[in-house]
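Inspection log for the structure reproduced underneath, given as structure tokens.
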Amino acid sequence: MKKMVKVLVTDDSLFMRKIISDFLNEHPQISVVATAKNGQEALEKIKEFSPDVVTLDVEMPVLDGLSTLENIMVDHPLPVIMLSSTTESGAVNTIKAMELGAIDFIPKPSGSISLDLYKVKEELIEKVILASTAIPPRKNLQKTEKTKSENSKKYLKVFNGKVDNTIIGIGTSTGGPRALQEIICSFPKQTVSPIFIVQHMPPHFTKSLASRLNSLSEITVVEAVHGQRVEKGTAYIAPGGLHMEVAEQLGELTIQLSETEPFKGHRPSVNKLFYSLSLLKNYKKIAVVMTGMGTDGADGIVELKKGDESTVTIAESEESSIIFGMPKAAIQTGKIDEIVHLQHITNTILKYI
């Protein structure tokens with residue numbers, strides 16, 4: 001028999017607390033053990049009820065969601081799922097929450113009080129159950145301008161700075177924003193290889209993720225635009241809701257975005273990105289699969305190796321993955337060259353450039 005998942009629901013709206021609780025309690029594996037109307041009350045009830053998972057609204061009186069999350073990660077590290085609005089400020093705060101240690105987030109369909117929350121009911125249930133199996137990170141990865149510079153300098157000893165034709169593809173999902181910050185912010189400014197990233201995220205949030213990573217990184221990070229020419233030393237993040245592929249036109253690489261059907265349930269799809277990279281000739285390729293649920297990226301790894309056996313393939317280790325689904329699936333293909341802890345992924349990539 002599967003273990004019951006105990007949940008604390010936190011929201012300043014009585015309506016939202018009730019509807020979220022009702023949705024979760026409908027599932028036989030979930031039990032809402034308590035609710036809280038603000039962050040301070042949530043911290044008290046965590047001590048009292050010892051939940052397995054906390055759902056946390058971002059905007060609340062007394063103690064807001066981000067401040068509450070910081071306290072949870074210091075005093076009682078638990079898997080936390082944020083409920084966020086899809087506004088620009090909501091997206092920015094959601095990215096900050098991922099940095100602080102939240103496992104995942106659910107966008108509220110229509111603002112702080114969403115009468116149509118039923119639209120994300122199944123997603124909410126799935127993510128709560130998944131979060132209960134995750135290990136919440138304890139270390140805060142936020143970097144100041146000084147620390148990001150110091151962090152990237154430590155990789156220069158393995159980086160030869162040569163201009164070559166290497167391209168890097170990265171795929172990730174649950175736990176990805178935090179993992180990407182660790183990796184992307186560690187690349188030295190001398191990095192010339194373009195980096196293509198698929199992070200499973202809905203529209204609007206990937207732009208905030210790109211902006212945040214760009215502000216912390218020595219390389220340039222942007223949300224990809226259809227038809228744009230690929231520049232060296234730039235990381236391109238696939239926009240939420242769009243597939244991203246890379247094509248060669250007249251000797252130059254360009255970004256191709258599309259709204260074609262989700263591929264095996266995902267749009268953007270890591271597999272679609274990796275497939276497109278496998279078609280490029282005369283380029284050295286490095287493909288990385290990191291934390292996330294599901295198997296996206298595994299088929300693409302196989303295709304990359306089929307197209308060019310010298311392609312370097314890297315998977316994040318189980319030890320550092322928030323959710324080991326995607327890396328595990330990639331490893332099970334038998335086509336992964338290196339299995340490494342998150343903290344060593346940048347170093348591993350750079351030694352192949």
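The values are calculated or read from the model by the stated rules, or taken from the named source; none is laboratory data. Computed from a predicted structure; not experimentally measured. Here the Cβ is made from the backbone with ideal geometry for all residues, glycine too, and neighbour counts use every protein chain on show. Accessible surface is based on the protein model in full, side chains and every heavy atom, while ligands, DNA and RNA are left aside. Shrake-Rupley method; radii C 1.70, N 1.55, O 1.52, S 1.80 Å.
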Name the pairs: first residue in region 291-312 and farther than 21 Å from Q199 by Cβ, second residue surrounded by fewer than 19 Cβ atoms within 10 Å (Cβ to Cβ) and of a type in the set (S, T, N, Q), Cβ to Cβ under 9 Å, at least 6 apart or on different chains?
V302/T333; K305/T333
Scan V221, V192 and give me the residue that is among the aliphatic types (A, V, I, L, M) and open to solvent by 10 Å² or more (accessible area, probe 1.4 Å).
V192
Restricting to region 206-215, give me the number of residues that are over 19 Å from M290 (Cα atoms) and crowded, with 20+ Cβ neighbours inside 10 Å.
2
Over region 36-67, the set of residues open to solvent by 50 Å² or more (accessible area, probe 1.4 Å) and in contact with an Asp or Glu (Cβ under 8 Å, 6 or more places away or on another chain) is K37, E59, P61, V62
From the list T55, T94, exactly one residue is within 23 Å of the chain's Cα centre (by Cα), among the hydroxyl-bearing types (S, T, Y) and at pLDDT below 95. Which is it?
T94
Would you pick out the residues in region 112-132 that are assigned to a loop (DSSP other than H, G, I, E, B) and modelled with pLDDT under 90?
S112, I113, S114, L115, D116
Name every residue in region 310-353 that is open to solvent by 30 Å² or more (accessible area, probe 1.4 Å), polar (S, T, N, Q) and in a helix (DSSP H, G or I), in order of residue number.
Q332, Q343, N347
Can you pull out the residues in region 192-223 that are acidic (D, E) and part of a loop (DSSP other than H, G, I, E, B)?
E218
Is it true that K285 is of a type in the set (D, E, K, R), under 25 Å from Q256 (Cα atoms) and surrounded by fewer than 18 Cβ atoms within 10 Å (Cβ to Cβ)?
no
Residues of region 267-280 being open to solvent by 50 Å² or more (accessible area, probe 1.4 Å) and not hydrophobic (A, V, I, L, M, F, W, C), which ones?
R267, Y275
Pairs please, first residue from region 233-249 and in contact (Cβ under 8 Å) with a residue 12 or more places away in the chain, second anywhere and among the charged types (D, E, K, R) and in a strand (DSSP E or B), Cβ atoms under 7 Å, 6+ apart in sequence or on different chains.
I237/E223; P239/E223
Here, helices (runs of 4 or more DSSP H) confined to region 1-92 with at least 1 residues that are aromatic (F, W, Y) and without any contact (Cβ under 8 Å) to a residue 60 or more places away in the chain are 39-49
Looking at region 80-101, which of its residues are within 23 Å of K18 (Cα to Cα), open to solvent by 10 Å² or more (accessible area, probe 1.4 Å) and not β-branched (V, I, T)?
S85
